[in-house]
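What follows is a single structure, written as C-alpha cells, with notes after it.
Taken together, the values in this text are just the output of simple stated rules run on the coordinates, not laboratory data. Every value quoted in this text rests on a predicted model; they were computed, and no experiment measured them. As a convention, Cβ positions derive from the backbone with ideal geometry for all residues, glycine included, and neighbour counts pool all protein chains shown.
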Amino acid sequence: MSASDILCYVGPAGDHNDRAMAASPELARAFAEATGRGVRTVGTPVPAEPTAWDVELDRARADLTTMARAAHEVLATGQQLVAANTRCVVALATIPAVLRHRPETVVVWFDAHADIHVPDSTPTGFLGGMAYSGPLGWWDSGLGAGLPDSQAVLVGARDVDPAEVTRLEQGSPAWVASGPGLAQRLAETVGDRPVFVHIDCDVLEPGIVATDYRVADGLTLDDVAACASALSGLDVVGLEIGEFEGPAAHTADDLIRAVSPLLR
C-alpha cells in the first residue's frame, strides 16, 4: 500500500442497508483506473443494523478512526485525497483530516439533504443527517472538526428540514441551489479558495445510479461535470464520493468521468 492510494471505505457508517459496503470497491476501481493510483481498503463490512445515531457512531468509530489516519497519511505527502466511501458519515473522519493539513480549504458538499442536524434537533436520530455539522463543530463526534462556517458550501440540497432551513437562511453553510447557472453560481461562491469536494450520490436525479434515498429534481451528470469544470482551476485538495449503491442508468465509470476535471 502507498500513501498515494485511493482510499476505499467499506466499514459501517450509519447504514440503512449493506449495499454501499458492497458497491464502494467498484467506485474505488473506477477512481484508480482514472488516476493510475492503487487502492487501500479501510474497514470491515458488517451487516447493517439501523439504530440510534450514538450507537451507530460507536459501532463505526474504530473503522472511522482508521480512515482518519489513512487520510492524514495521504495529505501529509501533499497528494490529493481521493476516497470512495460507503456513506456520507465517513466525512466525519476525512474532513477534519483535510482541515488539519489545509485549514483554509472550502468544503463543497453536494447532497440532496443538508446533513446539518445536531443531536438536539434531529427528528429521526439518523447519524447521516449530522454528517456535515460534525466537521463544522456544531456537535462533538469525537473525530475532530475544524471547518469554519464561512468555508462550508452546500450544493443541490432540496430535501431540507425546517431546523436546517433556519440555519441555511442565516448563511451557514452557504446554499447553492440547483437550477440555471449552477456551475457559475458555485464558482462565484467559492472564489479562488482551495476546495475539498464531497459528493453524496443522492444529489443526482433518481435512477442515474442506485442510491438509498431517491429525491426528485436532482442534478444530472452534465450538471456535475459542469461544476467540476468550474472548480477545476482551483487547488482541489481532494474529492470523496459516497452513497453509491451500484450502477443504474449509469455506471461508476460514468460518474468518475463526470468528476474527472477535479482529479490530478
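Take every pair of alpha-carbon atoms less than 8 Å apart whose residues are at least six positions apart; their mean separation over the length of the stretch 6-262 yields a relative contact order of 21 percent. Of the peptides 100-111, 41-52, the ranking by mean beta-carbon count within 10 Å, highest at the top, reads 100-111, 41-52. Taking packing as the residue-averaged number of other Cβ atoms within 10 angstrom, the listed peptides 83-90, 202-209 run from highest to lowest as 83-90, 202-209. Per residue, the convex hull spanned by the Cα atoms of the stretch 117-166 measures out at 86 cubic angstrom.
State the Cα centre-to-centre distance between the stretch 83-131 and the stretch 1-61 in whole Å. Centre-to-centre distance over Cα atoms comes out at 15 Å.
The fraction of all Cα pairs in the stretch 6-262 landing in successive 10 Å bins from 0 to the largest distance is 8, 35, 42, 15, 0, given as whole percents. Residues of the stretch 61-105 falling in the label zone of residue 17, defined by backbone nitrogen less than 17 Å from a point 7 Å along Cα to beta-carbon, are 86-88. When 178, 150 are sorted by how many other C-beta atoms sit within 10 angstrom of their C-beta, beginning with the fewest, the order is 150, 178. Taking every DSSP helix (H) stretch of at least 4 residues in the chain, weighting each as -39,500 (n - 2.57) and dividing the sum by the residue count yields a mean residue ellipticity at 222 nm of -10500 deg cm²/dmol. Within the stretch 180-264, the proportion of Cα pairs with more than 21 Å between them is 27 percent. Could you tell me which of rounded, prolate or oblate describes the stretch 13-98, using a ≥ b ≥ c as the square roots of the eigenvalues of the alpha-carbon gyration tensor, with rounded for a/c under 1.5 and, failing that, prolate when a/b is larger than b/c and oblate otherwise? Oblate, because a/c is 1.5 or more while a/b does not exceed b/c. The value of relative contact order for the stretch 131-225, using C-alpha pairs under 8 Å at least six residues apart, is 20 percent.
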